[in-house]
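What follows is one structure encoded as structure tokens, with my remarks underneath.
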Amino acid sequence: MKVDFGVYHHSTPEESNAFRERLERVLMPLLKSAFNREARINALDVGCGLGFLSWLIARTFPQGKVTCMDTFKGDSLSDVSVERAILNFRALKVEDRVTVIQHDLREPIDGSYDLIASNLFFHNLGKERFKVYENVIFALKQGGYFVISDMFSEEEDMKILEKQLDLIVTRTLFDDDWRFRVMILKKEKQY
Ligand SMILES: C[S@@+](CC[C@H](N)C(=O)[O-])C[C@H]1O[C@@H](n2cnc3c(N)ncnc32)[C@H](O)[C@@H]1O
């Protein structure tokens, strides 16, 4: 079966693929510097859609486990569904290490994770993203990492995030567009 990670809202299939390729080039080395390749990390992909980021994490850490969590009801990714996400993980032969869970992330998250990652998720949530940040931070282990890849221009978000997390690294995804950023934050502070 052919793997299909979907088309993002306001984008063509080619642009969506180009975005994913760019993110992979920027994010993979950053993840490799956060954890040993053989680490048995427990990761969560929030707003995972059809699983692009879950696949990137599973590939980067072959001993790791990933939970792909989404309502699978949003309209910001074409034809998103639990079934299509599972078919992708089967085709990629990572279905034994990736668990798909249907969950609204505005509600508390079960489990505790070494890595919680997101791509093009938070900007969909409006003000409700602040509640989801809280849920994510609560579910992150001490010493765990939070990755946000998104259109990001809000000072307000950084103020809230940096109260509870340390900013480790920021990268822009495109030289000519400062909105698209990848940030990695770490939960080290006791609060
Ligand atoms: C643009 S897609 C990004 C998908 C994926 N991260 C990727 O990189 O391909 C945003 C996803 O967020 C999901 N979503 C939106 N609101 C959500 C919520 N409250 N809880 C869980 N998922 C949500 C949508 O269903 C959609 O799959």
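Quick notes on this structure:
- Note: relative contact order over the chain, using C-alpha pairs below 8 Å and six or more positions apart, is 19 percent.
- Within the chain, helix-based [θ] at 222 nm, where runs of 4 or more DSSP H residues each add -39,500 (n - 2.57), nearest 500: -10000 deg cm²/dmol
- 13 Å Cα-Cα reach of Lys65 towards aspartates and glutamates, excluding residues that sit fewer than 8 places from it in its own chain: Glu38, Asp45, Glu95, Asp96, Asp114
- Of the trypsin sites (Lys or Arg not before Pro) found in segment 125-191, the ones in coil according to DSSP and having at most 15 other Cβ atoms within 10 Å of their Cβ are Lys189.
- For segment 1-110, taking the reciprocal of the average inverse distance between every pair of different Cα atoms yields a Kirkwood hydrodynamic radius of 14.3 Å.
- Among the trypsin sites (Lys or Arg not before Pro) found in segment 1-64, those both in a DSSP coil and sparsely packed, with 14 or fewer other Cβ atoms within 10 Å of their Cβ, are Lys2, Arg37, Arg40.
- Among the listed pairs Lys32/Lys93; Lys2/Lys186; Lys93/Lys187; Lys93/Lys163, those beyond 29 Å (Cα-Cα): Lys2/Lys186; Lys93/Lys187; Lys93/Lys163
- Compactness index (Cα Rg / 2.2 N^0.38 Å), segment 13-186: 0.95
- Antiparallel bridges, percent of DSSP beta bridges restricted to segment 1-152 (to nearest 5): 5
- For the chain, leaving out every one of the GluC sites (Glu not before Pro) that falls in a DSSP loop and has at most 14 other Cβ atoms within 10 Å, the longest unbroken run is 39-153.
Laboratory data are not the source of any read-out in this text; all were calculated from the coordinates shown. Since this is a predicted model, take the numbers as computed values, not measurements. Using ideal geometry, Cβ is built from the backbone for each residue, glycine included, and neighbour counts are taken over all protein chains shown.
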